[in-house]
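Data first, discussion second: the structure below is written as C-alpha cells.
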Amino acid sequence: MKQKRNPGTDVIAEIADRTGLLFDQAFSETKYLAQLCANISSPVIRNNLALELRHFSGLRAEVVRCLSKVDPLVFGIGVVLDAEVIPTESFSLFWIERDAEGVIRDGLTWSYPWRGDFYEYSRCDWMNLPRTLRKEVVVGPYIDCDDYIFTLAQPIFVKDFFLGVASADIRLDDYERILAPQLSIVSGNCAVVNAEGAVVVSNSVQYPVGARLDTKGLKSADCGNTGWRVVETSTNRR
C-alpha cells in the first residue's frame, strides 16, 4: 500500500528545495566570477607586480552575463575587491543590478558612488566571513540602502592571498513574496532560518525577522549546504 504523505512536510521540503536551488544557481555564477578574478590576478601576483584596474577591464561584461543567467530574485551580482588589492583605488566594485522592472542596467550602481566609501567593506560579514572561513557563505538579512537583503558571497583567493568576494544580493521582500503561497498552506507555524538560527521569513507573527529559534528537535529541511533550514515550530498555526 502506498504510504500517504504529509502535505505540510511536503511543502516544507518544497520551500527548502526552492531556496536551495536559488542558492545553487547564484553560487554557480559567483564561483565562475571568483575563478575568473583569480585567473586574472594570479600571473600579476606571481610576478610581484601591482594589480591595476586595467587588469579587470573585461570583468563588467562577464558580470552582466552572470546576472542574466541567475534567478530573477537575484537583483545584483558582482565582485568587490578587498581594500588595497588595487593600491591606487580606495575600493574596487564591479557590480551590476536589475532595476524595478527587472531590466539589467549597468549605470544603477554608479547612481550612488558614495556607496563604496560609506562602508568599511573589510569589516562586513559578507567580506570577513569568506576571508576567514575560506568558503562560500550566506549573510543576512541586513539593511543595505534602506532594503533588507541577504548576500551570497564567494571568496577569491590566489593561494593564500585574499582578493575579495564575488557576491549576489537578494531582497528579503522578493524572497518572502515568492514563498508566501507555500508558507500560507502549512498548517503549523513555519519559518526559514539562517545558519545562526535567526528567522528570515515565517508564516507567524510569533516569529518576526531576526528572532532566534532553537531548532533542536523540530521538523526541518535543509536548504542545500548553506546552514539555512526550513523548520516547523508547531503543528497548529497560532
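The values are calculated or read from the model by the stated rules, or taken from the named source; none is laboratory data. No experiment lies behind these values; they were computed from the predicted model shown. Because the Cβ atoms are built from the backbone with ideal geometry, glycine has one as well, and the counts that use them run over all protein chains shown.
A Cβ distance below 9 Å, combined with a sequence gap of six or more or placement on separate chains, defines the contacts here; from segment 203-218, residues that are touching a residue at least 40 places away in the same chain (Cβ under 8 Å) reach residues that are aromatic (Phe, Trp, Tyr) in the pairs 209/148. Of the residues making up segment 16-43, those that are more than 17 Å from the chain's Cα centre (by Cα) and touching a residue at least 60 places away in the same chain (Cβ under 8 Å) number 4.
If you go through segment 183-231 and pick out every residue that is among the acidic types (Asp, Glu) and at pLDDT 90 or above, you end up with 2. Taking residue 105 as the residue in question, decide whether it is among the basic types (Lys, Arg), buried (at least 17 other Cβ atoms within 10 Å of the Cβ) and either at pLDDT below 95 or closer than 19 Å to residue 170 by Cα (or both). Judged against the criteria, residue 105 is not a match. Just one of (1) of a type in the set (Phe, Trp, Tyr); (2) assigned to a helix (DSSP H, G or I); (3) surrounded by 20 or more Cβ atoms within 10 Å (Cβ to Cβ) fails for residue 32. It is (3).
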